[in-house]
Amino acid sequence: MGEPELRESKKASRFSESVIREMTRVAREHNAINLAQGFPDFPAPHALKEAAVKWIRDDLNQYAVTWGSDGLRASIGEYMLKRRGVSIDPDAQVTVCCGATEAMIAAMMGVLDPGDEFLVPEPFYENYGPDAILAGAIPLFVPMGNGFTLDIDAMRKASGPKTRAVVLNTPHNPTGRVFTRAELKELCEFVIERDLILFTDEIYEEILYTGDHHCPLLEPGMAERTIVISGASKTFSVTGWRVGWIISPPNMTSGIRKVHDFLTVGAPAPLQEAVAEALLWEDDYYVKMREEYRARRSVMVDGLNAAGFPCEIPEGAYYAMVDVRGHQRREETDVEFAMRLVRDAGVATVPGSSFYSDPADGKHLVRFCYAKKIETLEAANSRLLRWAGA
Ligand code: GLN
């Protein structure tokens, strides 16, 4: 009998720790301003916190229905109708999860088989790689076109008989792009033509700066093949509450719910009820939130440009991906650059390579998150300016 192998699993060994969360740790070590991990440093809405406190005081302490409380699922249905113009059946289509992170992996494990391939426009949010490994699926990363546009021809070329799905994220992390109606339409036509499933990560659906978010579920022929992932984290500034959800075609819901149930049983019951209330708020909440994000965006963009980081104006989400060549030393990688920035300037970012399958593609990029108080952003800007001029 051989020695037992005391090691991590082969699956776990195929991916590394999250660079985004690692950078948060490094930021703490250096007492730096954390513009790395995407979470707000400002308070969550008062009414939402009061609602959560009330539900806890009322002793809502036990499990909710595994796929989400009736109240929250009904509110998601109302929200989707009112804000997205999409009619869904909360009983047959909604699964509430512990954040969009669990939602994506539960959805993949619920509908994909080992060996299935899915297409992911690149750069991409780092979770999709490990999600694929854990689901036994194979990600096919397809570079975006110039200006971070969807390249459907490249997707067509990359796909083959084993390709089952596409993962889309819009508004997009890390680029700040909001894909146009024309891009979405072309993508959906391709998805239908190849009989694929579209996983659409819409966690930033309320954080965009012009127009409204267009859910691909609205495109003709997409209702039966679109799995929407979203959640409360970004919309209500509660990334630590872990309340996310999946909207799936009815015939895919039971597989997804089974996976979700055995992964986590359910999201926190009192927080589900509080989010159920918030989802029914009037539109003025979103108008104000967007104005505040617009102000943060402009402080960040101005600061970056002033410090010699040429910055396009993000269309959505709360990130700016910038080219750092103006400050990079010869041969210095993006990771080394980000480490130098955190140490010498006291500002933490996420190195661009963590959003690419080949690190070389992100070697001149870093991502700044501006979901921060104006004073945090101003402090970061003056640190960057001082450092850049030094
Ligand atoms: N989505 C956020 C980001 O990209 C937070 C990621 C996380 O830590 N779950 O930074």
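Tabulated values for the structure
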| item | result |
| --- | --- |
| For the range 129-244: relative contact order, % (alpha-carbon pairs under 8 angstrom, 6 or more apart) | 20 percent |
| Whole-percent pair-distance distribution, where bins are 5 Å wide, for the alpha carbons of the range 42-137 | 2, 10, 14, 16, 17, 18, 13, 6, 3, 0 |
| Of the trypsin sites (Lys or Arg not before Pro) in the range 104-208, those whose Cβ has at most 13 other Cβ within 10 Å and which sit in DSSP loop | LYS162 |
| GLU189 - accessible surface, heavy atoms, 1.4 Å probe, Å² rounded to 10 | 100 Å² |
| Nearest-0.05 FRET efficiency for ASP283 and ASP70, computed from C-beta distance (R0 30 Å) | 0.75 |
| Neighbourhood net charge (12 Å Cβ-Cβ; Lys/Arg +1, Asp/Glu -1) for ILE313 | 0 |
| Accessible-area order (highest first, 1.4 angstrom probe) of the listed residues MET252, MET23 | MET252, MET23 |
| Top positive-direction residue, dipole computed over the range 198-262 with Cβ charges, set ALA223, TYR209, ILE256 | ILE256 |
| Dipole moment magnitude, nearest 20 debye, the chain about Cα centre, only Lys, Arg, Asp, Glu C-beta charged | 780 debye |
| Heavy-atom SASA rank of LEU263, LEU184 (probe 1.4 Å, accessible area, largest first) | LEU263, LEU184 |
| 5 angstrom amide H check on PHE141, placed H, neighbours 5+ away | VAL120 |
| Spatially proximal lysines relative to LYS49 (Cα-Cα < 20 Å; intrachain offsets below 8 disregarded) | LYS234, LYS288, LYS372, LYS373 |
| FRET efficiency, 1/(1 + (r/R0)^6) with R0 41 Å, evaluated for ILE374 and LYS10 via beta carbons | 0.30 |
| Accessible surface of GLU277 - all protein chains present, 1.4 Å probe, nearest 10 Å² | 70 Å² |
| Positive-pole candidate from PHE337, MET289, MET300, dipole of the range 278-353, charges at beta carbon | PHE337 |
| HN-Hα J in Hz across the range 132-149 - Karplus 6.51, -1.76, 1.60, θ = phi - 60°, x for Gly and Pro | 4, 4, 5, 8, x, 9, 10, x, 10, 7, 10, x, 6, x, 4, x, 6, 9 |
| Farthest positive-ward along the chain dipole, Cα basis, beta-carbon charges - from VAL19, SER233, GLY71 | VAL19 |
| Chymotrypsin sites (Phe, Trp or Tyr not before Pro) within the range 46-148: DSSP coil, no more than 12 neighbouring Cβ in 10 Å | TYR63 |
| HN-Hα J in Hz across the range 41-55 - Karplus 6.51, -1.76, 1.60, θ = phi - 60°, x for Gly and Pro | 10, 9, x, 6, x, 4, 4, 5, 5, 4, 4, 4, 4, 4, 5 |
| For the chain, alpha-carbon Rg over 2.2 N^0.38 Å | 0.98 |
| At R0 = 41 Å, FRET efficiency that the Cβ-Cβ distance of ASP323 and GLU224 yields, to 0.05 | 0.50 |
| Listed residues SER354, SER87, SER382 arranged by accessible area, highest first, probe 1.4 Å | SER87, SER382, SER354 |
| Value of Rg to Rh for the range 100-258 (Rh from inverse mean 1/r over Cα pairs, i.e. Kirkwood) | 0.93 |
| Per-residue SASA entry for ASP59, accessible area with 1.4 Å probe, Å² rounded to 10 | 110 Å² |
| Choice from GLY129, GLY145, GLY316 with maximal GNM fluctuation in the chain (Cα, 10 Å cutoff) | GLY145 |
| Share antiparallel - DSSP beta bridges, the range 77-174, percent rounded to 5 | 10 percent |
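The values are calculated or read from the model by the stated rules, or taken from the named source; none is laboratory data. Since the structure is predicted, the reported quantities are computational estimates derived from the model, not experimental observations. As a convention, Cβ positions derive from the backbone with ideal geometry for all residues, glycine included, and neighbour counts pool all protein chains shown. SASA here: full protein model, heavy atoms, side chains in, ligands and nucleic acids out. Shrake-Rupley method; radii C 1.70, N 1.55, O 1.52, S 1.80 Å.
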